[in-house]
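The values are calculated or read from the model by the stated rules, or taken from the named source; none is laboratory data. Computed from a predicted structure; not experimentally measured. Methodologically, a virtual Cβ is constructed for each residue, glycine included, from the backbone with ideal geometry; neighbour enumeration extends over all protein chains shown.
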Amino acid sequence: MIPSYEKRQISPDWRQRLAPPTVWEFQNYSGWKSSILYLLNDVIDEDVRAKFLDEPPEYIVGDNLDWLDGIIEAVHGCKSDIGELLVNRLRTHYRAFRATHGTRTADLASFYEKGLLPLDPNRIHDELRSRFLNGRFRDVGEAQLEAAMEDMGDVDGGGREGRLYFEANQDFLIQFCAHYMIHGSEYLHCLAIRLGNPDRFRAELRKEGKPVVFVCDVPMAFISSRSLRDFAGTTLEYIFKDFFFDGDFEPEPYQGAGFSILQPLCPQAIVGHFFPAKMRDPHRGGIVTDGFS
């Protein structure tokens, strides 16, 4: 690791570096529950809560809010699209969304000076050629790279071109998606393991750089309405399950909450970084690793 930006290293425990009120930290349910109820207090009032508790739906789910719209319409007598309403109010209330981005790098400076960049397949192809088509691997050449790209149906980076991915649940990222930190770029990894023996090339990917997680405040304007609608649905699911269980509800600690944006994230949006000490490698049966062995 090239020495740089050591002062930007932060605690790996998100509870010790909570986001400011203007940033929505989705993982911190107890921190935002009251804010969301305040945003919707003209719609989700005591009458709606009482109707819900008197006649609870069979399923309380976030991906289809018909059950909640039906309750609101019955109480207030007007058509409801509570998911869309919450999306609009979230955009107004919060300036950014706290999320994490995992990767592997030997140079933090490139991130703190250029920001986080969406996938550019040509840049990954150049990196792959530099690392594996340099004469050290006599059985790997341009033909193998072309075959790997064809195998992935690679016309746009396997569907990833132009996208930058984040995970709102840091614990989920480390426990179940650690391959991003262990082997780096998913696209680079997918191409590399198609050059020959997958275990051999995964081991090579682990030789350079260090696993790192960047904590970021992604501007709300960068997040698609579809992604925000998903978060809004889960938010309402959590709140009404909390009503149902009389305040004795906690979200699943490892529920994934990933999303992507279609533009670079500027360096100023990076809160800091940390180096995960232990991760589970999904490509090796979930063994616990430090990302080097």
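I need every pair where a residue in the range 273-293 that is surrounded by fewer than 17 Cβ atoms within 10 Å (Cβ to Cβ) has its Cβ under 9 Å from the Cβ of a residue that is among the hydroxyl-bearing types (Ser, Thr, Tyr), sequence separation at least 6 or different chains.
Close Cβ pairs (under 9 Å, with a partner that is among the hydroxyl-bearing types (Ser, Thr, Tyr)) amount to Lys278/Thr289.
Within the range 232-283, which strands (runs of 3 or more DSSP E) (wholly inside it) include 3 or more residues that are in contact with a Phe, Trp or Tyr (Cβ under 9 Å, 6 or more places away or on another chain) and of a type in the set (A, V, I, L, M)?
In the range 232-283, no matching strands (runs of 3 or more DSSP E) lie anywhere.
Give the residue, chosen from Val218, Val212, that is modelled with pLDDT of 90 or more, in contact with a His (Cβ under 6 Å, 6 or more places away or on another chain) and under 27 Å from Phe275 (Cβ atoms).
Val212
Please work out which one of (1) farther than 16 Å from Arg200 by Cα; (2) over 29 Å from the mean Cα position of the chain (by Cα); (3) buried (at least 16 other Cβ atoms within 10 Å of the Cβ) is the condition Phe111 fails and give its number.
Going through the list (1) farther than 16 Å from Arg200 by Cα; (2) over 29 Å from the mean Cα position of the chain (by Cα); (3) buried (at least 16 other Cβ atoms within 10 Å of the Cβ), Phe111 breaks only (2).
Taking the criterion of being of a type in the set (Val, Ile, Thr) and closer than 18 Å to Arg284 by Cα, would at least one residue in the range 135-148 satisfy it?
Checking the range 135-148: not a single residue is of a type in the set (Val, Ile, Thr) and closer than 18 Å to Arg284 by Cα.
Could you pull out the residue among Leu205, Leu236, Leu265, Leu191 that is touching a residue at least 12 places away in the same chain (Cβ under 8 Å), buried (at least 19 other Cβ atoms within 10 Å of the Cβ) and either of a type in the set (Asp, Glu) or more than 28 Å from Leu108 (Cα to Cα) (or both)? Write out each step before concluding.
Details: Leu205 fails: either of a type in the set (Asp, Glu) or more than 28 Å from Leu108 (Cα to Cα) (or both); Leu265 fails: either of a type in the set (Asp, Glu) or more than 28 Å from Leu108 (Cα to Cα) (or both); Leu191 fails: either of a type in the set (Asp, Glu) or more than 28 Å from Leu108 (Cα to Cα) (or both).
Just one listed residue meets the conditions, Leu236.
Leu90: of a type in the set (A, V, I, L, M, F, W, C) and farther than 30 Å from Pro3 by Cβ, yes or no?
Values: of a type in the set (A, V, I, L, M, F, W, C): yes; farther than 30 Å from Pro3 by Cβ: yes.
Yes; evaluated as a whole, the condition is true for this residue.
Could you tell me whether Ser260 is closer than 30 Å to Thr92 by Cβ, surrounded by 13 or more Cβ atoms within 10 Å (Cβ to Cβ) and without any contact (Cβ under 8 Å) to a residue 60 or more places away in the chain?
On the way: closer than 30 Å to Thr92 by Cβ: yes; surrounded by 13 or more Cβ atoms within 10 Å (Cβ to Cβ): yes; without any contact (Cβ under 8 Å) to a residue 60 or more places away in the chain: no.
Spelling it out, it is not the case that Ser260 is closer than 30 Å to Thr92 by Cβ, surrounded by 13 or more Cβ atoms within 10 Å (Cβ to Cβ) and without any contact (Cβ under 8 Å) to a residue 60 or more places away in the chain.
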